[in-house]
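Reviewing the structure listed below.
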Amino acid sequence: MKVPDTAEYFVESVCANSSQLIERGFWEIPRPRFASWLRQFCGTEEQFFAACLLDQVIFRTRQQFEAALRSIFRSNLYGNLYPGAPDLQLMDILKSRRDPKVRLVPVICETDPPTKSGPLVLRRLQRILQLNPTWMCWPWRAAKEIKENDVEAIVFVDDFLGSGSQFEGFYRQWEFEAQQAASVKHFYAPVVAHQNGFEHLAKILPSVCAVSAEVLGSPHDFFSEKVWERIGHGCVTADDAKSWYMDFGAKRKCNPKSVSLLGCGDLALTFGFSHATPNNSLPILWYGSAEWQPLLER
């Protein structure tokens, strides 16, 4: 990969800017971790590519994440649950002792570890909005809740929707499609979602209404032409960068066997939260092993 003549200046500028973002708390990344990740890139080409990655990182702090979480519920899930009702109605009824006929369910599969983000999101939601935990239940209890309490709506809570395949697997594993009566509405409320995931669920699970606070799309693909028209400085194309990265990643073993070098669904994102990084982001940012030190928390 032929780097531009301005590569050295670009690397210095991006690294300095990244350091400032960490120092000021906009990137909640430990400075030693940042330094360890950066040291793995040697030579002009590798350092230029690392700077390009840093330049495109989208990081959501704890406060930003919680603000987005509030916005979903304060805006009444965009009015889909109670059309025409005041914005704060959903939040108000979920605080009350009277059964709202709504249940909040974390997105978690039977094989997922306890650290899965679905329960974490639900705990944060309960804390920041002071919701009544009685109206929250595990997915394996949802069918019983529907049957015994005449539930009218289920809201599945998550932090990120990528390709949509993981939520589809969760939904089918717990047989929600079979449990869904005509009177029970199903909503999926990831804090951040990719447009591909929305489109996938609309085709595969049309009965589920999906809403989020922030939507990503093709412009957020690290190897999109628009990205490299800007950061390639007229010297490196998107195809050049992708080819170089695939070769570098394979040699340096920057990804787990279960996920491609482009991330789950090949979305090639550079997105991360303070608490976790979606596996739809490039593994070079979040994967950790004996051979590779991650930048972001997985």
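The values are calculated or read from the model by the stated rules, or taken from the named source; none is laboratory data. Predicted model only: the values in this text are computed from it and were never measured. All Cβ positions, even for glycine, are placed from backbone atoms using ideal geometry, and neighbour counts span all protein chains on display. Note: areas computed on protein heavy atoms with side chains; ligands, DNA, RNA excluded. Shrake-Rupley method; radii C 1.70, N 1.55, O 1.52, S 1.80 Å.
Here are a few things to note about the model shown:
- Residue count for the stretch 214-232, restricted to those that are modelled with pLDDT of 95 or more and in a loop (DSSP other than H, G, I, E, B): 5.
- Failed item, numbered, when Tyr9 is tested on (1) open to solvent by 30 Å² or more (accessible area, probe 1.4 Å); (2) part of a helix (DSSP H, G or I); (3) more than 26 Å from Phe273 (Cβ to Cβ); (4) in contact (Cβ under 8 Å) with a residue 12 or more places away in the chain: (4)
- The stretch 46-72, subset farther than 30 Å from Tyr245 by Cα and without any contact (Cβ under 8 Å) to a residue 60 or more places away in the chain, residue most open to solvent (accessible area, probe 1.4 Å): Gln63
- Test result for Ile93, open to solvent by 30 Å² or more (accessible area, probe 1.4 Å), closer than 23 Å to Gly25 by Cα, modelled with pLDDT of 90 or more and of a type in the set (Val, Ile, Thr): no
- Residue check, Gln166 at pLDDT below 95, under 21 Å from the mean Cα position of the chain (by Cα) and open to solvent by 70 Å² or more (accessible area, probe 1.4 Å): yes
- Pairs, first touching a residue at least 40 places away in the same chain (Cβ under 8 Å) and of a type in the set (Phe, Trp, Tyr) in the stretch 279-298, second buried (at least 24 other Cβ atoms within 10 Å of the Cβ) and assigned to a loop (DSSP other than H, G, I, E, B), C-beta under 9 Å, six or more apart: none
Conditions (1) over 16 Å from Val102 (Cα atoms); (2) crowded, with 21+ Cβ neighbours inside 10 Å; (3) out of contact with any Leu (no Cβ under 7 Å at 6 or more places or on another chain), marked per residue:
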site: Pro133; (1), (2), (3): no, no, yes
site: Trp138; (1), (2), (3): no, no, yes
site: Glu145; (1), (2), (3): no, no, yes
site: Glu148; (1), (2), (3): no, no, yes
site: Asp158; (1), (2), (3): yes, yes, yes
site: Gly162; (1), (2), (3): yes, yes, no
site: Arg172; (1), (2), (3): yes, no, yes
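- Residues located in the stretch 19-67, provided they are among the β-branched types (Val, Ile, Thr) and in a loop (DSSP other than H, G, I, E, B): Ile29, Val57, Thr61
- Checking each residue in the stretch 212-223 for being small (Gly, Ala, Ser) and surrounded by 15 or more Cβ atoms within 10 Å (Cβ to Cβ) picks out Ser212, Ala213.
- Against the numbered list (1) modelled with pLDDT of 90 or more; (2) open to solvent by less than 10 Å² (accessible area, probe 1.4 Å); (3) over 23 Å from Lys203 (Cβ atoms), Asn76 comes up short only at (1).
Conditions tested, residue by residue: (1) in contact (Cβ under 8 Å) with a residue 24 or more places away in the chain; (2) on the phi < 0 side of the Ramachandran plot; (3) touching a helix residue (DSSP H, G or I) at 6+ places or on another chain (Cβ under 8 Å); (4) in a helix (DSSP H, G or I).
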{"position": "Ser183", "(1), (2), (3), (4)": "yes, yes, no, no"}
{"position": "Gly234", "(1), (2), (3), (4)": "yes, no, no, no"}
{"position": "Ala250", "(1), (2), (3), (4)": "no, yes, no, yes"}
{"position": "Ser260", "(1), (2), (3), (4)": "no, yes, yes, no"}
{"position": "Gly272", "(1), (2), (3), (4)": "yes, yes, yes, no"}
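- Phe187 being open to solvent by less than 30 Å² (accessible area, probe 1.4 Å), part of a helix (DSSP H, G or I), touching a strand residue (DSSP E or B) at 6+ places or on another chain (Cβ under 7 Å) and of a type in the set (Phe, Trp, Tyr): no
- Restricting the first member to the stretch 200-228 and to residues that are closer than 30 Å to Ser243 by Cβ, and the second to residues that are in a loop (DSSP other than H, G, I, E, B) and aliphatic (A, V, I, L, M), the beta-carbon pairs closer than 7 Å and six or more apart or on different chains are Asp221/Leu267; Asp221/Ala268; Phe222/Ala268; Phe222/Leu282; Phe223/Ala268; Trp228/Val236.
- Any hit, the stretch 237-252, residues being open to solvent by 40 Å² or more (accessible area, probe 1.4 Å), within 30 Å of Ser75 (Cα to Cα) and under 24 Å from the mean Cα position of the chain (by Cα): no
- Test: residue in the stretch 146-157 that is at pLDDT 85 or above, within 17 Å of the chain's Cα centre (by Cα) and closer than 26 Å to Ala202 by Cβ: yes
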